[in-house]
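Colleague: Would you mind keeping the following structure in view while I ask a few things?
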Amino acid sequence: MRLIGSLHSPADRPAPMTSGEHGFYARTFFLVAAVVVGLGVLAVYVVDNSPIGMRYVLRTRIVRGKAVTEIPADARAKVEPILTERFGTPAAPKIDLEGWESDGARLLRGAAFYRRNCMHCHGVTGDGDGPTARFLTPRPRDYRLGVFKFTSTVSSAKATREDLLHTVLEGMPGTMMPSFSLYDREDVEAVVDYVIHLSMRGEFEEALAMRLLDGDDLDEDVVEEEVELLVEGWADAASSRQPVPVVQPVPSSAEAIARGSELFRGAGNCISCHGPSGRGDGPSVQGMDPDVWGNPIRPADLTRGDFRGGFRPIDVFRRIHAGVKGTPMPGGSMTEEQMWDLVHYIRSLRRGD
Amino acid sequence: MARLWGLLFLTVPVAGTGAFVWASRSGHWFPRNTSSFGAEIDGLFYVILWITATAFVATTGLLGWLLLRHAERPGARARYTHGNLRVEGTLAALTTGMLLYIAVTQFGTWKKVKFASGFPDVPTLAHVTAGQFEWRITYPGADGEFGTPDDVHSLNDFHVPVDRDAVFVLQSRDVLHSFFLPHMRVKQDAVPGLRIPVWFRPLEEGTFDLVCAELCGWGHFKMRGRLTVQSPEAFAAWLAQRKAEEEAANP
């Protein structure tokens, strides 16, 4: 009691606040609150509508697998204006390529959706190096090489719109890529447009830089040549879709699984990477070159069931048929019946949920 | 100036109470209840709301009144007091009584909704796995077992039959999430490493929100979900259709 008493001794009381001080604190409080709320509203508006401060960045070095090419500043200075002329800026994206149809309004819509939902991992330029990316394994896709792993096209062809749409709608099990299945379908279609825009832009950057390093001048003929190649590659994807029959030609059965197991160990040589039990621990993985993005090779653990490209029979079939692009997983060189046998065997490897 | 602070403090109970009254009369209140135990949950909510609302209005009102009453009285000296045992004892007893009342009155509902022993005895309808930032739902298929080839999968869209007890297992593949069905009055944390059984019984067909109610990462806002309540026939047809789509060679 004495202690409390002494703390409260009137001699120690601070001087009471004057009314001027009251006013000062009240004004300061309301001013700070208004500024904070205002800045928040402004930030949301700006990011959605005009991405101030965001710009596409050119690469100082281009990585493709083991090959690393340094791009000197003077080369970047020559490439940048051509890229901007053809592809615009984050605030005003476009695809200005002869022979490629592009819907400007939809690109804008896709860009806004991208900034809200994708940029954090995939980055402003689509380099797969947004602020969250460094915390993720596997890394987010770098679109700029024009390569996408999970496609329905033959192994030499690019991804189709449908392939990219499938990834956005279904997500990628086992990675941080979530599904956007309940979002407005037009937004999702638009963001696929925008991803293709980023991907084309990155490829074009690489093509032009390589021409410069080869000693070419970036005159009109050279640029037109590269535009033609780029458009051709993307336009061909749609027609390179691997046709598949409406019904599975070989239904799943104990016999089909046994034949698949035989192929897995034998002619298919799957075990060299995926291991005898399918856990992705085969002997060939040691010392393998990195994938096209420069990341180490990690063959799929086939017992987990969380296949990146999907677990449906058709998904597994497409992986075996087209391979996984940008990685050593090859497209299959066997008959379709054999591939379906393998599909059923691989799907049977999943451990219980 | 000191009077202004008193008024400022008084705006809190006035605006706070006003917001509740306005919200309850203009459709900003609870969504319609469509589950069998929802009314009981709402009842418990109102018990707590009335107790806390009374205490809130009384204490903040008293604070504001005291501030106004004693503001700007030149020459008046502050008095120091160490409290009044009788008043404090009464308040403590009152608070204890209220807390005990709240604790005891929710026993029955809590047991029914959350305790596995109170669960309806029906087979598990599905496994719901939360992840950053999506819901993956697995149905056992015809054999009733999970992890077999006839499993049926759904993404973000949780289908359940109407007027049946839906018992499912909730799990998380990465961080804490919270499975929240506002219309069903169901909210349950999904905890990594735990398989948590959850149940409810929807009484109405339609589509309802399924949201994550635990800040689960920077993309929490993206984690959209939907609950689709269907007639048992439509539910069975949907399962069959999903299965056919999964198995089709050319979807």
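The values are calculated or read from the model by the stated rules, or taken from the named source; none is laboratory data. None of these values were measured; they are calculated from a predicted model. Note that we place each Cβ from the backbone using ideal geometry, even for glycine, and neighbour counts take in every protein chain shown. Keep in mind that these areas ignore ligands, DNA and RNA; they rest on the heavy atoms of the full protein, side chains included. Shrake-Rupley method; radii C 1.70, N 1.55, O 1.52, S 1.80 Å.
Colleague: What translational diffusion coefficient, to the nearest whole µm²/s, does region A:154-306 have by Stokes-Einstein, given a Kirkwood radius computed over alpha-carbon pairs, a temperature of 20 °C and 1.002 mPa s viscosity?
Modeller: 110 µm²/s
Colleague: Here's a follow-up. Per-residue ellipticity at 222 nm for chain A, helices alone: DSSP H runs ≥ 4 residues times -39500 (n - 2.57), over residue total, nearest 500 deg cm²/dmol?
Modeller: -15500 deg cm²/dmol
Colleague: Using a simple charge model, +1 on the beta-carbon of Lys and Arg, -1 on the beta-carbon of Asp and Glu, nothing else, what dipole does the protein assembly as shown show about its Cα centre, in debye to the nearest 20?
Modeller: On the way: 63 positive and 72 negative charges, 793 e Å.
Value, rounded to 20: 3800 debye.
Colleague: Once the Cα atoms of helix B:85-105 and of chain B are each reduced to a long axis, what angle between those two axes, in degrees from 0 to 90 to the nearest 10, is obtained?
Modeller: The angle comes out near 10 degrees.
Colleague: Using C-alpha positions alone, give me the convex hull volume of region A:254-348 per residue in cubic angstrom. If you can, show how the numbers build up before the last one.
Modeller: Details: hull volume 8.5 nm³, N = 95.
Once divided by residue count, the hull of region A:254-348 is 89 Å³.
Colleague: Hey, another quick one. Which one, A:Gly332, A:Gly305, A:Gly53, has the greatest fluctuation when you compute a Gaussian network model over chain A with C-alpha springs under 10 angstrom?
Modeller: A:Gly53
Colleague: Please report the carbon-and-sulfur percent of the accessible area for region B:121-247; probe 1.4 Å, protein heavy atoms only, DNA, RNA and ligands left out.
Modeller: Whole-percent figure for carbon plus sulfur exposure: 54.
Colleague: Return the average number of partner chain Cβ atoms within 10 angstrom of each residue Cβ along peptide B:120-132.
Modeller: Values: counts 0, 0, 0, 0, 0, 0, 0, 1, 0, 1, 0, 7, 3.
Counting other chains' Cβ atoms within 10 Å and averaging over B:120-132 gives 1.
Colleague: Hey, another quick one. Based on the Cα atoms of chain A, what semi-axes does the equivalent ellipsoid have, where each is the square root of 5 times one gyration tensor eigenvalue, given in whole Å with the largest first?
Modeller: 49, 32, 20
Colleague: If you don't mind, there's one more thing I want to ask. Kindly rank A:22-28, A:279-285 from highest to lowest mean number of other beta carbons found within 10 Å of each residue. Each step should come with its number before you reach the end.
Modeller: Working: A:22-28: 12.1, A:279-285: 15.1.
Highest to lowest by the protection proxy: A:279-285, A:22-28.
Colleague: Under a point-charge model restricted to the Cβ atoms of Lys and Arg (+1) and Asp and Glu (-1), what is the dipole moment magnitude of chain B relative to its Cα centre, in debye to the nearest 20?
Modeller: Working: 23 positive and 23 negative charges, 382 e Å.
The dipole of chain B has a size of about 1840 debye.
Colleague: Sticking with this structure for a sec: Using per-residue counts of other Cβ atoms within 10 Å, averaged over each peptide, order B:48-60, A:84-96, B:21-33 from highest down.
Modeller: Those peptides, ordered most packed to least, come out A:84-96, B:48-60, B:21-33.
Colleague: Set Lys and Arg Cβ to +1 and Asp and Glu Cβ to -1, take the dipole of region A:254-348 about its Cα centre, and tell me which of A:Asn295, A:Ser272, A:Met329 lies farthest positive.
Modeller: Projecting each Cα onto the dipole axis, the largest value belongs to A:Asn295.
Colleague: Placing +1 on the Cβ of each Lys and Arg and -1 on the Cβ of each Asp and Glu in the protein assembly as shown, which of A:Phe204, A:His166, B:Gly206 has its Cα farthest towards the positive end of the resulting dipole?
Modeller: After comparing all options, I get B:Gly206.
Colleague: Then there's this: Which one of A:Tyr25, A:Leu218, A:Pro93 is farthest out on the positive end of the charge dipole of chain A, using unit charges on Cβ (Lys, Arg +1; Asp, Glu -1) and the Cα centre as origin?
Modeller: Sorting the options by dipole projection puts first A:Tyr25.
Colleague: Hey, another quick one. Just to check, using Stokes-Einstein with a Kirkwood Rh over alpha carbon pairs, what's the diffusion coefficient of region B:121-247 at 4 °C and 1.567 mPa s in µm²/s?
Modeller: Roughly 88 µm²/s, to the nearest whole number.
Colleague: Also: Please identify, among A:Glu162, A:Glu228, A:Glu98, the residue showing maximal mean-square fluctuation in a Gaussian network model of chain A using a 10 angstrom Cα cutoff.
Modeller: Looking only at A:Glu162, A:Glu228, A:Glu98, the biggest GNM fluctuation is shown by A:Glu98.
Colleague: At a Cα cut-off below 21 Å, give the lysines reachable from A:Lys325, other chains included and same-chain residues fewer than 8 away excluded.
Modeller: List returned: A:Lys66, A:Lys149, A:Lys158.
Colleague: Using the Cα centre of region B:121-247 as the reference point, and only Cβ charges (+1 on K/R, -1 on D/E), how large is the resulting charge dipole? Debye, rounded to the nearest 20.
Modeller: 500 debye
Colleague: How tilted is helix A:161-170 with respect to the longest principal axis of chain A? Cα atoms for both, answer in degrees (0 to 90, nearest 10).
Modeller: 60 degrees
Colleague: Per residue, how many Å² of accessible area does region A:61-239 show with a 1.4 Å probe? It would help to have the intermediate numbers written out before the result.
Modeller: On the way: 7710 Å² over 179 residues.
That works out to 43 Å² for each residue.
Colleague: Quote the FRET efficiency, to the nearest 0.05, computed for B:Ile102 versus A:Ala254 with a Förster distance R0 of 60 Å and r equal to the Cβ-Cβ distance. Walk me through the intermediate numbers first.
Modeller: Values: r = 60 Å, r/R0 = 0.99.
With a Förster radius of 60 Å, E is 0.50.
Colleague: Among the aspartates and glutamates, select those whose C-alpha is under 14 Å from the C-alpha of B:Lys112, and discard any that sit fewer than 8 residues away in the same chain.
Modeller: Those aspartates and glutamates meeting the cut-off are B:Glu40, B:Asp121, B:Asp165.
Colleague: Rg and Dmax of region B:92-185, using alpha carbons, in Å: what are they?
Modeller: Using the Cα atoms of region B:92-185, the pair Rg, Dmax is 17.6, 61 Å.
Colleague: At q = 0.08 Å⁻¹, what base-10 log of I(q)/I(0) does the Debye formula yield for the protein assembly as shown when every alpha carbon is treated as an equal point scatterer in vacuo?
Modeller: These q points yield log10 I(q)/I(0) values of -0.77.
Colleague: Then there's this: Ordering B:Tyr101, A:Tyr56 by how much accessible area each has at a 1.4 Å probe, largest first, what is the list?
Modeller: Largest accessible area first, the residues go B:Tyr101, A:Tyr56.
Colleague: Take the alpha carbon atoms of region B:1-63, find their center, do the same for region B:95-116, and report the distance between the two centers in whole angstrom.
Modeller: When both Cα centres are located, 21 Å separates them.
Colleague: With all pairs of different alpha carbon atoms counted, what Kirkwood hydrodynamic radius in Å does region A:81-167 show?
Modeller: It works out to 14.4 Å.
Colleague: Note the per residue figure in Å³ for the convex hull of the C-alpha positions in region A:10-81. Display every interim value, and only then the final one.
Modeller: Values: hull volume 19.8 nm³, N = 72.
Convex hull of Cα atoms, per residue: 275 Å³.
Colleague: Who wins for biggest fluctuation among A:Glu189, A:Glu170, A:Glu232 in a Gaussian network model of chain A, springs between alpha carbons below 10 Å?
Modeller: It is A:Glu232.
Colleague: Mind checking the alpha-carbon convex hull of chain B and giving the volume per residue in Å³?
Modeller: 191 Å³
Colleague: May I pose another question? For region B:147-251, state which trypsin sites (Lys or Arg not before Pro) are in a DSSP loop and have at most 13 other beta carbons lying within 10 Å of their beta carbon.
Modeller: Qualifying residues, ordered by number: B:Arg195.
Colleague: For region A:61-239, give the percent of accessible area contributed by carbon and sulfur heavy atoms, probe 1.4 Å, rounded to a whole number. Intermediate values should be presented prior to the final figure.
Modeller: Working: 3840 of 7710 Å².
Answer for region A:61-239 is 50 percent, counting heavy atoms of protein chains only.
Colleague: Enter the accessible area per residue of region A:254-348 (Å², integer; probe 1.4 Å; all protein chains in place).
Modeller: Counting only protein heavy atoms, the per-residue value for region A:254-348 is 44 Å².
Colleague: To the nearest whole number, what is the average tally of beta carbon atoms from other chains within 10 Å of the beta carbons of peptide A:176-187?
Modeller: If you average over the peptide's residues, the count of other-chain Cβ atoms is 5.
Colleague: Let me ask something else about it. In sequence order, what are the phi-derived ³J(HN,Hα) couplings for region A:88-101 according to the Karplus relation 6.51 cos²θ - 1.76 cosθ + 1.60 with θ = phi - 60°, rounded to whole Hz, with x for glycine and proline?
Modeller: Result, rounded to whole Hz: x, 10, x, 6, 9, x, 7, 10, 9, 10, 4, x, 10, 8.
Colleague: So, how do all the Cα-to-Cα distances of region A:61-239 break down into 5 Å bins, in percent, from 0 on up?
Modeller: Spelled out bin by bin, region A:61-239 gives 1, 8, 16, 21, 22, 17, 10, 4, 1, 0 percent.
Colleague: Right, next: At 222 nm, what value in deg cm²/dmol follows for chain B if DSSP H runs of at least 4 each add -39500 (n - 2.57) and the sum is divided by all its residues, to the nearest 500?
Modeller: Computed mean residue ellipticity for chain B: -14000 deg cm²/dmol.
Colleague: May I ask you to compute the full-extension gain from A:Val37 to A:Ala105, defined as 0.36 nm times their residue separation minus their alpha-carbon distance, rounded to one decimal in nm?
Modeller: 21.4 nm
Colleague: While we're on this one: With a 1.4 Å probe, how much accessible area is buried between chains A and B, both sides summed, in Å² to the nearest hundred?
Modeller: The buried area between A and B, both sides summed, comes to about 3200 Å².
Colleague: Among the lysines, which have Cα under 20 Å from the Cα of B:Lys222 when same-chain residues fewer than 8 positions away are ignored?
Modeller: B:Lys187
Colleague: Could you work out, residue by residue across A:304-314, how many beta carbons of other chains sit within 10 Å of that residue's beta carbon, and then give the average as an integer?
Modeller: On the way: counts 0, 2, 3, 0, 0, 0, 2, 3, 7, 6, 7.
Going residue by residue through A:304-314 and averaging, the value is 3.
Colleague: Under the definition of Cα pairs under 8 Å and six or more residues apart, what whole-number percent is the relative contact order of region B:121-247?
Modeller: Result for region B:121-247 is 27 percent.
Colleague: Taking a quarter of the surface of the Cα convex hull of region B:1-85, what do you get in nm²? Don't jump to the answer; show the numbers that get you there.
Modeller: Values: hull surface 33.8 nm².
Mean projected area for region B:1-85: 8.5 nm², to one decimal.
Colleague: Sticking with this one: Relative to the longest principal axis of chain B, what angle (0 to 90°, nearest 10) does the C-alpha long axis of helix B:38-70 take?
Modeller: Roughly 20 degrees, rounded to the nearest 10.
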